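Take a look at the structure set out below.
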Amino acid sequence: MSDEGIGLRVLERLVTTYQVPEEVLILDGGTLGLDLLYYLEGITNLLLLDAVEAQKEPGYTVRLEGEQVPTFLSIKISPHQIGITDMLFAAKLKGIYPPNVVLWGIQPERVEIGLELSETLQNKIDYLVDQVIGELNTWGHQLLPKV
Amino acid sequence: MRAVEDALGITVPNNARILRNIIEGIQYVQDHVVHFYHLHALDWVDIVSALDADPAATSTLAQSISDWPLSSANYFAGVKDKLASYVSSGQLGPFANAYWGHSAYKLPPEANLMAVAHYLEALDWQREVIRAHAILGAKNPHLQTYLVGGMSTPIDPTSQAAINADTIIQLKGLFAKAKEFVDKVYLPDVLAIAPFYLEWAGIGEGVGNYLSYGDFPDAEGTPWLPQGFILGKDLSKVYPVDHNEISEDVSHAWYEYSDESKGLHPWEGVTKPNYTGPKPPYNFLNVDDKYTWMKAPRLKDHPMEVGPLARMLVGYASGHTRIVEVVNLVLKTLGVGPEALFSTLGRTAARCIETVVTAEKLVDWVDELVASIASGDTQIHSGSEMWDPKNWPAEVKGWGYTEAPRGALGHWIHIKDQKIENYQAVVPSTWNCSPRDFKGQSGPYESALIGTPIADEKLPLEVLRTIHSFDPCMACGVHMLDVEGREINQISMDSADGFMNPLLKMKGL
């Protein structure tokens, strides 16, 4: 879904250019919905990366943490729309919500069917990779460039 | 796959038939429970009201409807505490992206608390039972083990990497768990919640025509869930299905046919998008013109409802012994007649009934697989000479059908000169969500919403109840998080042409 795939593209850049320490789990949430819940068990720090609706210009990035990260049961038409906020809601009720949660979001330009990112978002990949590395540093994980 | 198998004249071997039944059967059970607890129950259960529940009274209620072990006052007090701590964190305030507190919620606080507990239990349960797919070489929801001619994961009693005796033991354990939850939690919950909403047995009827392709073939090819269709709610007659009588109409859809005064059979089907609607964002769609991306599938020009209710009605009217028994048990418990099935509540009950009979049937299929392997048969695919396109006829057509959890699913293929000349899929939600056709006949969703009472048109919870009862399949791939917690899925009411027409709009897309 074109720009909706931004999180995945950032992770691809990350794992191809950096050595990711063993204790860091990188996951493509894809269409897993509520099944993502089980990856949260025993996790201290959770970093979410996704396209978000921020009502801003394409490429605008936003960082949310703690209670700013929305966790609620959204109104939806289909069980296929069960998304991240529902998953985080269930995590809270199950008592497995990680102590630290940070979300990096970016306003997409296009979300139609397609495999390619818009140029605006392509140009943001490096910036988001740097932010991910920064967050991981804060949590005590050093990522060294691959040689 | 079945379309290609049909085109190339391949019959899958016995083991592949059984494995497909098992994989599809546990899919029904898991999918229906997830639909109920993680989508549809929230239309009937007010989780905020659960905060007013007395855990001891909740325990009494739970124990009065089932001997499910997780039912102590302490257990429900624990669930209530977690809920209270979540609510006090403020996320239900400005982010309350749901209809909590709506006057259409009728359950007492204790029933709400019990349902919240079961919402959480269902999360763990569904994850465990669907491991059956992984054990059989398929990751839910994308089932890799399927191939044209059968399955790819081998059966080999002497190999650890194949389907073997350990696999069978694991499957039996998982299916016992699946059945226990369905019998002791899902069915009792539906029977406990339904009496508070019995007026919904008279709301949301739809078109009154029901289609099932039938599925889960036995060794002779006879489907366990029977094939047939019912017209005008007349359960005294089940008509045979001839796929040649299926067509898709685009007179009200944003596609182009050379002649739009009639539908096209899927083998001749054309999918040529042609958007003629207003420039988004818009507030009004004229339903006399084209107004949707859904084509209108029709059987002998009749709109058809598909899904668990259609399957259970076709089974009931065909005299399927176990379906008749469970349907009658549910009707008797609720004190209603079969006419109650033609409704929103009927759709929800039918999904539960189907889960009950399927969870039982899984045990039979595993026994069938055991007997087949014990006889020395380990074949899992056939027709491999057809994997080479050189062996294909110059031109051939096929149609494959299944009953997906959401209803009748058909694929039509036309192969010419070793290439796909045409491929058309008519999926369950297209039948149910279909727009009007050239005769002006509405599809199931539209018909079902006519006459729905709405307490608050800004919060059309009642519309969601009926739409959710069909279990729509939409937007699997697009999940957008709104950072301000606003609604992205907007359900708005439009009564300009005299009935409630839900416009499902994706804001900002």
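General remarks:
- Helical contribution to [θ] at 222 nm, DSSP H n ≥ 4, -39,500 (n - 2.57), averaged over the protein assembly as shown, rounded to 500: -10500 deg cm²/dmol
- Extension gain, A:Glu109 back to A:Ile43 (0.36 nm per residue minus Cα-Cα distance, nm): 20.5 nm
- Taking 0.36 nm per residue of separation and subtracting the Cα-Cα distance, full extension of the segment from A:Leu25 to A:Gln142 would add 40.7 nm.
- For B:Lys262 and B:Ile454, a Förster radius of 41 Å and the Cβ-Cβ distance give a FRET efficiency of 0.70, rounded to the nearest 0.05.
- Where labels lie 7 Å past Cα in the beta-carbon direction, separation of A:Asp130 and B:Thr11 in nm: 6.7 nm
- Rolling a 1.4 Å probe over the protein heavy atoms leaves B:Ile47 with an accessible area of roughly 10 Å².
- Accessible surface of A:Arg9, taken over heavy atoms with a 1.4 Å probe and every protein chain present, rounds to 70 Å².
- Gained length - B:Asp52 relative to B:Val324, 0.36 nm times residue gap less alpha-carbon distance: 94.0 nm
- Residue-level accessible surface for B:Lys82, protein heavy atoms, 1.4 Å, Å²: 90 Å²
- The listed residues B:Cys473, B:Cys352 rank as B:Cys473, B:Cys352 when sorted by accessible area, largest first, using a 1.4 Å probe.
- Accessible area per residue (1.4 Å probe, heavy atoms of protein chains only) ranks A:Thr85, B:Thr276 as B:Thr276, A:Thr85, with the largest value leading.
- Averaged over peptide A:46-58, the number of partner chain Cβ atoms lying within 10 Å of each residue's Cβ comes to 3.
- Rounded to the nearest 20 debye, the dipole magnitude of the protein assembly as shown is 220 debye, with +1 charges on Lys and Arg beta carbons, -1 on Asp and Glu beta carbons, and the Cα centre as origin.
- Given R0 = 41 Å, the distance between the Cβ atoms of B:Phe284 and B:Val363 translates into a calculated FRET efficiency of 0.15.
- A Cβ-based charge dipole, computed about the Cα centre of chain B with Lys and Arg at +1 and Asp and Glu at -1, lands at about 380 debye.
- A Förster radius of 35 Å combined with the Cβ-Cβ distance from B:Thr378 to B:Glu180 puts the calculated FRET efficiency at roughly 0.65.
- Inter-part distance, the stretch B:339-402 to the stretch B:235-298, computed on C-alpha centroids, equals 29 Å.
- Near B:Val370, once Lys and Arg are set to +1 and Asp and Glu to -1 for all other residues with Cβ below 11 Å from its Cβ, the sum equals -2.
- When each of B:Lys233/B:Lys300; B:Lys390/B:Lys419; A:Lys92/B:Lys177; B:Lys184/B:Lys361; B:Lys237/B:Lys332 is checked by Cα-Cα distance, pairs over 21 Å: A:Lys92/B:Lys177; B:Lys237/B:Lys332
- Projecting label points 7 angstrom from Cα along Cα→Cβ for B:Lys332 and B:Lys272 puts them 5.8 nm apart.
- Residues B:Tyr316, B:Tyr401, B:Tyr186, sorted by accessible area with the largest first, give B:Tyr401, B:Tyr316, B:Tyr186 [1.4 Å probe; ligands and nucleic acids excluded].
- Cα shape, the protein assembly as shown, gyration tensor, a/c 1.5 rule: rounded
The values are calculated or read from the model by the stated rules, or taken from the named source; none is laboratory data. Note that this is a predicted model, so its numbers are computed, not measured. Using ideal geometry, Cβ is built from the backbone for each residue, glycine included, and neighbour counts are taken over all protein chains shown. We work out accessible area using only protein heavy atoms, side chains counted, and drop any ligands, DNA or RNA first. Shrake-Rupley method; radii C 1.70, N 1.55, O 1.52, S 1.80 Å.
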